[in-house]
Amino acid sequence: MDLSRRYNKTLTQHPLVTKALTGAILSSLGELISQLSTGVVSREGQSTLKRVRGVLKIVARQPSKILLMFCYGGLINAPINHYLYGWITKYTNSKIVNVTLRRLLQLLASFLIVSPIQVGFLVSSLTVVNQNVGWALAKYPPMIKQNLRTKYFKILSSSWVTSTILVSIAQKYVEPAKWSVFFSFAYAILATGQNIYLKSVSGK
């Protein structure tokens with residue numbers, strides 16, 4: 001049995017756990033990639049060996065950031081995709097007969113329900129990850145509020161564009177039970193790009 005079949009079998013038997021682990025791994029990898037892409041290890045040199053050492057130093061020096069994104073992907077983003085897209089596809093597929101109307105409602109639900117919630121949690125999580133204030137928890141709320149005020153709608157607008165494309169693809173090529181997995185992969189890529197943007201702006 002190949003890897004994809006094993007994954008699909010596990011997904012069928014334990015859907016939420018499988019999606020949570022998938023989202024957690026993707027988000028933590030995205031954090032590592034964003035650190036590499038913003039020049040964190042550029043000073044380590046250009047050789048492959050020094051690059052590898054640079055990556056290992058990141059993991060050793062900043063494991064909390066990778067762990068935070070692991071938790072975000074597994075405990076926040078994956079359940080959002082699982083429950084919201086599960087509810088949207090279940091409701092529209094059972095209640096709406098007209099295909100065009102069904103697809104339109106699915107797209108609107110993604111715009112008005114899923115994207116605003118995801119972006120809010122994403123901006124909040126990335127703010128915590130990219131601010132080096134340690135356990136000074138009282139400092140996080142004003143930072144999160146500031147980033148939500150200045151970056152929320154910019155990221156949400158880009159998410160709407162992305163959602164239009166992704167939902168259109170999912171409607172044609174992805175079975176409803178796997179929508180959340182498809183979106184977890186897609187949004188992990190998007191979140192990595194947004195993380196790189198926030199790191200470059202904040203200089204973290």
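Only the coordinates and a few stated rules stand behind these numbers; no lab work does. Here the structure is a predicted model, which is why all the values come from computation and not from measurement. For neighbour counting, all protein chains shown are included, and Cβ atoms are generated from backbone atoms with ideal geometry for every residue, glycine included.
Taking the Cβ-Cβ separation of Arg5 and Lys145 as r and a Förster radius of 45 Å, what is the calculated FRET efficiency to the nearest 0.05? Provide the component values of the computation, followed by the final result.
Numbers: r = 46 Å, r/R0 = 1.03.
Once the sixth-power term is evaluated, E becomes 0.45.
Taking the number of other C-beta atoms within 10 Å as the exposure measure, put Ser94, Ser34 in order starting with the fewest. Intermediate values should be presented prior to the final figure.
Details: Ser94 8, Ser34 25.
Ordered by Cβ neighbours within 10 Å, fewest first: Ser94, Ser34.
What pairs from Lys65/Lys172; Lys95/Lys178; Lys95/Lys172; Lys65/Lys145; Lys9/Lys90; Lys65/Lys139 go past 25 Å between their alpha carbons? Before the final figure, lay out the partial values.
Details: Lys65/Lys172 36 Å; Lys95/Lys178 20 Å; Lys95/Lys172 19 Å; Lys65/Lys145 20 Å; Lys9/Lys90 21 Å; Lys65/Lys139 17 Å.
The answer is Lys65/Lys172.
How much net charge surrounds Ala177 when only other residues with a Cβ under 14 Å from its Cβ are counted (Lys, Arg +1; Asp, Glu -1)? Walk me through the numbers on the way to the answer.
Details: positive: Lys9, Lys19, Lys90, Lys178; negative: Glu175.
Summing Lys/Arg as +1 and Asp/Glu as -1 gives +3.
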